[in-house]
Amino acid sequence: MSIPRLRPLAFFLVFAAAPAGAGPGDALHVIGTLAYGHDDNLLRVPDGSPGYDNTRGDAWWTREAGLVFDKTWSRQHLSFLGKLSKTDFDHFSQLDYDGKDVQANWFWQLGKRLDGKIGATYQQVLAPYTDFASSERNLRTFRSRFAEADWRFHPTWRVRAGVQRDRYAYELLSQRYNDRTENTSEIELGYLARSDSTVGLVARRVKGRYPYPRPVGPFSVNDNFTQDELKLHVLWKASGATELDALVGHTRRKQPSFGAGTTSGVAGKVKASWQPRGKMRYSAAVWRDFAPLESTVVSYTLNKGASLGAQWDATARVRVNLDAVAERRNYNARSGIVVTGGSDGLRDSIRTASLRATWAPRPTLQLTAGAAHQARSGSVTLGTGSFTSNSVTVSASAQF
């Protein structure tokens with residue numbers, strides 16, 4: 001690695017050691033991060049393949065700077081996060097990109113019974129290569145707007161309503177068929193117990209719209225879908241240390257671009273957290289849900305997964321996190337697609353494990369180091385192979 005690439009790190013550490021210009025209680029802060037990473041299979045090349053340019057791994061530097069604003073006036077709370085970043089790769093320099101992340105939220109309250117939030121997000125990042133075989137840069141932009149209101153019309157009853165609009169756009173012309181807009185609307189009627197536990201019934205509709213028909217052989221198909229959900233929402237605070245959050249019910253998905261066009265079943269997610277006295281915290285989750293897939297062979301997947309996490313507060317300044325995620329994806333082939341490999345040809349699994357340690361020598365400075373392992377079993381029908389990936393990252397972040 002050349003010496004000039006080390007200069008940003010020295011500059012950053014000098015900058016971080018300078019006196020802070022804003023106190024911990026101030027509303028506006030400047031933030032900066034410098035990160036280095038290495039992945040031995042950056043583009044998720046299948047096992048046994050030499051990779052692009054006979055290279056599988058690569059390293060990168062990321063420099064990031066931005067502003068954070070957080071302020072409360074009476075019952076109104078405003079928060080803002082704006083960051084710009086630049087990432088440079090050592091070998092695959094065609095992937096170099098400028099990242100953007102803007103998030104704005106207004107948590108509002110009128111009187112004692114009516115509150116809610118309004119927000120917007122804009123992000124520009126490099127799209128993952130897990131299901132996309134290429135060495136070309138493929139930036140993905142994500143735009144989201146949402147509004148939500150919660151009315152407590154009775155001491156033990158409330159009604160919540162919300163709308164959200166998400167838009168995804170891809171840089172590569174070959175990936176533009178994955179551009180889509182998802183409009184979500186939902187309403188929930190809930191009961192609030194004295195223990196702060198809640199039970200509610202949630203009705204939700206998601207409409208997905210793809211502006212560009214996807215070429216499938218000699219035909220073009222549209223992946224538009226409508227998904228209706230009716231789920232039970234339970235938030236059970238069993239004790240001061242244990243909490244269970246479950247959203248489970250029936251989902252019906254209508255998507256004419258595959259088979260008969262309609263599928264349905266049980267879907268949802270259950271999360272649990274446990275924080276006993278001491279320095280340990282634990283979390284776990286299981287889920288079963290439908291999700292769109294960017295493919296000419298299948299149009300959506302039924303994902304079943306589980307995750308485990310643990311956090312150890314070793315000292316007042318040192319924190320260690322360990323997380324593991326496993327998910328199996330069951331694909332639904334489009335009408336007319338020949339399935340190869342039997343039932344195994346229409347499914348694969350992804351497993352990820354990560355370890356991260358964070359040291360905060362000062363309240364405004366954090367140093368983080370992490371390692372991750374990811375593995376996927378391939379799908380014969382999709383033409384994807386099995387792969388493994390091991391990565392390490394180190395970063396320094398400061399707030400002024």
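Read the figures in this text as sums done on the coordinates, not as results from a lab. In this text, all values refer to a predicted model and were calculated from it rather than measured experimentally. All Cβ positions, glycine included, derive from the backbone under ideal geometry; neighbour counts span all protein chains shown.
Relative to the current alpha-carbon distance between Trp359 and Phe219, full extension at 0.36 nm per residue lengthens the span by 44.9 nm. Bridging of Lys112 to lysines at a Cα separation below 21 Å is possible for Lys71, once same-chain residues fewer than 8 apart are set aside.
If R0 equals 41 Å, the separation of the Cβ atoms of Ser185 and Lys279 corresponds to a calculated FRET efficiency of about 0.45. Multiplying each eigenvalue of the alpha-carbon gyration tensor of region 26-146 by 5 and taking the square root yields semi-axes of 39, 17, 10 Å, largest first, rounded to whole angstroms. Across region 114-146, the residues whose backbone nitrogen lies under 20 Å from the label position 7 Å along the beta-carbon direction of Arg205 are 145-146. Shape summary: region 3-399 maps onto an equivalent ellipsoid whose semi-axes, from the alpha-carbon gyration tensor, are 34, 33, 22 Å in decreasing order.
Please give the residues of region 92-134, grouped as numeric ranges, whose backbone N is less than 17 Å from a label point set 7 Å along the Cα-to-Cβ vector of Ala147. Within reach of a label on Ala147: 104-110, 114-121. Summarised as an ellipsoid, region 221-281 has semi-axes of 38, 12, 7 Å, derived from the eigenvalues of the Cα gyration tensor scaled by 5 and square-rooted, with the largest first. For the pair Tyr212 and Asp40, label points projected 7 Å from Cα toward Cβ lie 3.6 nm apart.
Taking 7 Å steps out from each Cα toward its Cβ at Ala104 and Val394 produces label points 3.9 nm apart. Here's the picture: charge each Lys and Arg Cβ at +1 and each Asp and Glu Cβ at -1 in the chain, and of Leu42, Ser185, Gln103 the one pushed furthest to the positive end of that dipole is Ser185. Per-residue ellipticity at 222 nm from helix content only, as computed over the chain with -39500 (n - 2.57) for each DSSP H run of at least four residues, stands at -1000 deg cm²/dmol. Placing a label point 7 Å from the Cα of Arg75 along the Cα-to-Cβ line, the residues of region 171-214 whose backbone N sits under 20 Å from it are 190, 192.
Show log10 I(q)/I(0) for region 140-210 at q = 0.22 Å⁻¹, two decimals, from a solvent-free Debye sum over equal Cα scatterers. At q = 0.22 Å⁻¹ the computed log10 ratios are -0.91. The Arg252 and Asp90 beta-carbon pair, evaluated with R₀ = 41 Å, returns a calculated FRET efficiency of approximately 0.30. Highest mean first, the peptides 38-45, 385-392, 312-319 sorted by other C-beta atoms within 10 Å per residue fall in the order 38-45, 385-392, 312-319. Taken one residue at a time, the phi angles of region 117-131 give Karplus couplings (6.51, -1.76, 1.60, θ = phi - 60°) of 8, 10, x, 8, 9, 9, 9, 10, 9, 7, 5, x, 9, 4, 10 Hz. Gly and Pro are set to x. Legend: calculated FRET efficiency, Arg167 to Lys237, from the Cβ-Cβ distance at R0 = 41 Å, rounded to 0.05, equals 0.70.
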